[in-house]
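A short worksheet on the structure shown next.
Values quoted throughout were computed directly from the atomic coordinates according to the rules given, and no laboratory measurement underlies them. This is a predicted model, so every value here is computed, not measured. Ideal geometry is used to build each Cβ from the backbone, glycine not excepted, and the neighbour counts take in all protein chains shown.
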Amino acid sequence: MPVARRQVLAAAATAPLAAAGLTAPGLAAPGAGATPASGQGPTGYRVGRGVADVTGPAAENGMMGYSMPQQQTAGIHLRTLARAFVVDDGANRVVFVTAELGALFQSVHQEVMRRLIETYGGLYTEQNVLLNATHTHAACGGDSHYAAYDLATLGFQEEVFEAVVGGITEAIGAAHDDLRPGTLALGRAELTDASVNRSRSAFELNPRQDTEHFPDAIDPAVTVLRFAQGGRDVGAIAWFATHGTSMTNTNHLISSDNKGYAAFAWERDDPEFVACFAQTNAADMSPNLDLEPGKGPTDDEFTNTRIIGERQFLAARRAFDEAVTPMSGPVDSLLCYVDLSEVTVDGRFTPDGETHRTCTAAIGWSMLAGSTEDGPGIPIGEGLRNPLWEWLGGADVPIPPQLADEQAPKPVAVPFGAMPPHPWCPEVLPLQLMRLGDLHLVAGPAEYTIVAGLRIRRSVAAELGVPLENVLVQGYANAYSQYVTTPEEYDAQQYEGASTLFGRYTLPAYQQEFTRLAAAMRDGKRVPLGPVPPDMSGTLPNLQPGVVFDAPPPGRDFGDVLTEPASGYHRGDRVTAEFVTGHPKNDLRRGGTFAEVQRLVDGRWVTVADDRHWATRYEWRRTGVASSAATVTWDVPAGVPTGRYRIVHNGDWKAAGSGKITGFAGISRDFLVA
């Protein structure tokens with residue numbers, strides 16, 4: 001069931017912004033799998049867009065991003081969504097999806113491709129579908145098949161995986177069904193107060209021709225692709241580089257972070273509009289402007305999320321308004337797989353002009369320490385046990401001397417690629433180049449620093465013979481393999497360099513392979529698909545305890561109101577209601593909601609906000625071994641109509657013995673907003 005955005009966001013619009021199987025190995029042809037659109041001219045487009053929910057368990061599930069096992073979900077701040085766009089030029093068709101997740105793992109990419117092939121045959125394949133993540137650090141984790149990314153979630157979480165795969169697939173299906181004749185236009189703006197370089201000393205090690213391209217040590221570029229159908233604006237994709245870390249590692253509420261707020265702010269103005277805020281080369285770009293977690297522009301993480309998101313939204317609107325000339329170029333896409341652990345890199349792409357090689361994946365000690373500007377990393381030390389870490393054999397794996405030499409000057413902490421019984425991270429990775437009219441997206445499975453992104457863009461732009469501004473790095477795409485720094489930044493071995501898996505020449509390897517894809521796209525040639533990555537499903541257990549049963553406190557029933565709202569409130573006040581509830585894992589309510597704010601209109605209760613809304617929070621806590629409580633808060637927006645309102649909590653409880661799950665609703669007394 002899709003998120004009911006139309007009703008909820010339309011009601012919210014009165015509040016002002018300031019309110020607080022895979023294809024077989026072989027050869028892949030450009031535009032493979034696309035079918036001509038009937039009656040479509042060579043320079044016309046059909047465009048479609050869709051939205052679906054990818055929110056995982058709202059309680060007792062580890063989050064993806066900070067790698068803190070104790071950071072487990074305990075409610076929802078902003079539901080996480082996937083937004084999909086389909087573009088067809090009459091000869092080729094491409095799909096672009098941004099999901100509000102910490103990362104887009106290869107496991108998800110593989111399963112989404114299988115389901116698309118089951119439904120659409122060869123229309124949508126790995127060749128013409130680009131999946132990516134916003135990199136929020138407040139979404140559920142546990143949907144990777146690789147141990148490095150499931151340590152903090154105590155293993156593979158099937159519920160998260162199904163929510164993510166199902167939501168992305170549904171979003172693509174909605175965009176497919178929405179295809180209509182339309183136009184694309186490209187706009188640009190700059191944003192200088194929503195990011196800061198968190199690794200300035202490493203950035204300064206780059207040659208002057210690189211650093212002077214970014215005089216403020218940030219990438220200020222905002223690029224927007226404007227979508228219209230029949231002359232009506234229906235969507236936008238906005239690219240800007242800043243981390244999804246406005247919410248800190250002490251937060252336990254699922255949140256789409258600053259990019260999620262930017263999307264909410266835009267879509268609130270027009271519930272039919274789909275606003276997608278995608279990443280680019282954000283590896284060293286932090287939203288914490290004071291270079292401390294949760295610091296800057298204010299000392300409150302929720303306020304910072306709103307402000308940094310609002311700044312992205314307003315900059316994107318400026319770029320959107322500047323996009324007035326429709327594009328007429330073709331759409332196209334190419335993808336290949338490369339084993340990044342064994343690439344021989346030509347001297348054209350290395351700093352010293354000599355041939356070098358990448359090596360087996362490994363992380364350095366600075367990666368374990370984490371980024372002090374955004375949050376510490378994996379706390380696997382004395383006094384803290386991680387069952388998954390122990391199940392895998394612990395960290396007592398010797399560092400091969402050859403690998404230590406190949407990774408130098410990185411002091412290797414964990415040799416991810418050499419860990420038994422399976423590598424802890426992917427090494428065979430997807431590289432993709434997608435064209436949308438005048439815009440070219442270099443889609444890579446990692447986080448690229450701004451200078452790393454610049455070098456890739458320069459190489460690809462030169463090969464294609466197009467302006468540099470028409471080439472963007474689309475990070476966090478189709479898989480995840482941590483960071484990519486320049487060789488010079490790598491030498492500093494700060495967090496980003498220590499997280500660059502395949503050694504000092506990781507970036508030159510990417511430059512070389514993306515240049516190869518660009519040459520093929522330019523010449524209309526085929527490219528070898530390369531080694532297909534293994535299916536790693538079934539390699540990890542789930543050591544996170546599940547729901548045994550739910551029981552209300554003595555004398556209570558599920559849905560009972562423990563704390564009623566006051567009888568009246570003013571705009572700007574916070575309304576609070578508390579309910580007896582069951583465990584949120586009993587039903588994720590994906591596409592639905594745990595919390596509703598309803599207004600009495602002409603004798604009927606109408607939902608005006610839910611747990612996708614900025615002004616609401618849904619919080620869950622245990623009150624006993626099998627009992628729990630849900631707290632729903634609503635910060636009354638400045639522009640809401642006066643009238644009578646109430647809070648509704650939707651939940652589910654699991655019976656002891658039978659395991660039967662039963663839904664319920666708790667309803668507060670009504671209250672007056674004056």
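Here are the numbers for this structure:
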{"quantity": "Which of G121, L340, T298, positive extreme of dipole for the chain (C-beta unit charges)", "calculated": "G121"}
{"quantity": "Given charges at beta-carbon only (K, R positive; D, E negative), |dipole| of the chain in Debye", "calculated": "1540"}
{"quantity": "Cα centre as origin, Lys/Arg/Asp/Glu Cβ charges: segment 561-673 dipole, Debye", "calculated": "220"}
{"quantity": "Computed E for A665/L600 - FRET, C-beta separation, R0 25 angstrom, nearest 0.05", "calculated": "0.90"}
{"quantity": "Spin-label proximity, A656 to segment 569-588 - amide N less than 20 Å from point 7 Å beyond Cα toward beta carbon", "calculated": "580-586"}
{"quantity": "Pairwise centroid distance, computed over Cα atoms, of segment 345-374 with segment 424-496, Å", "calculated": "14"}
{"quantity": "Under-5 Å amide H pairs with N542, H placed in peptide plane, nonlocal only", "calculated": "F156"}
{"quantity": "Calculated from backbone phi, Karplus (6.51, -1.76, 1.60) coupling profile of segment 453-470 in Hz, x at Gly/Pro", "calculated": "x, 4, 5, 4, 4, 4, 5, 5, 4, 5, 5, 7, x, 10, x, 4, 5, 8"}
{"quantity": "Segment 492-600, relative contact order in percent, only Cα pairs under 8 angstrom and at least six apart counted", "calculated": "17"}
{"quantity": "Estimated vicinal HN-Hα couplings, Hz - segment 602-613 in sequence order (Karplus 6.51, -1.76, 1.60; Gly, Pro = x)", "calculated": "6, x, 10, 8, 10, 6, 10, 7, 9, 7, 9, 8"}
{"quantity": "Distance (nanometres) between label positions extended 7 Å along Cα→Cβ at D557 and L291", "calculated": "6.0"}
{"quantity": "Nitroxide proxy distance, nm - points 7 Å out along Cα→Cβ at Y120 and S201", "calculated": "4.8"}
{"quantity": "Size of electric dipole in segment 274-433: Cβ of Lys, Arg +1 and of Asp, Glu -1, about Cα centre, debye, nearest 20", "calculated": "320"}
{"quantity": "Segment 210-242-segment 395-419 distance, computed between alpha-carbon centres (Å)", "calculated": "39"}
{"quantity": "Euclidean distance between Cα centres, segment 607-659 to segment 530-591, Å", "calculated": "9"}
{"quantity": "Sequence-distant residues sharing a close amide H with S246 (under 5 Å, placed H)", "calculated": "N258"}
{"quantity": "Pairwise FRET efficiency - T192 versus E322, Cβ, R0 = 22 Å, nearest 0.05", "calculated": "0.85"}
{"quantity": "Label assignment, Kirkwood radius over Cα pairs in Å derived from the structure, set [x] 25.3; [y] 27.7; [z] 29.7", "calculated": "[x]"}
{"quantity": "Paramagnetic reach from L543 in segment 66-92 [backbone N under 17 Å; point 7 Å along Cα→Cβ]", "calculated": "67-72"}
{"quantity": "Set of lysines near K660 by C-alpha distance (under 20 Å), chain-local residues within fewer than 8 positions excluded", "calculated": "K585"}
{"quantity": "Distant-in-sequence amide H partners of S627 (H built 1.01 Å from N, under 5 Å)", "calculated": "A551"}
{"quantity": "Integer Hz, Karplus 6.51/-1.76/1.60 couplings in order for segment 667-674, x for Gly and Pro", "calculated": "10, 6, 5, 7, 9, 9, 9, 10"}
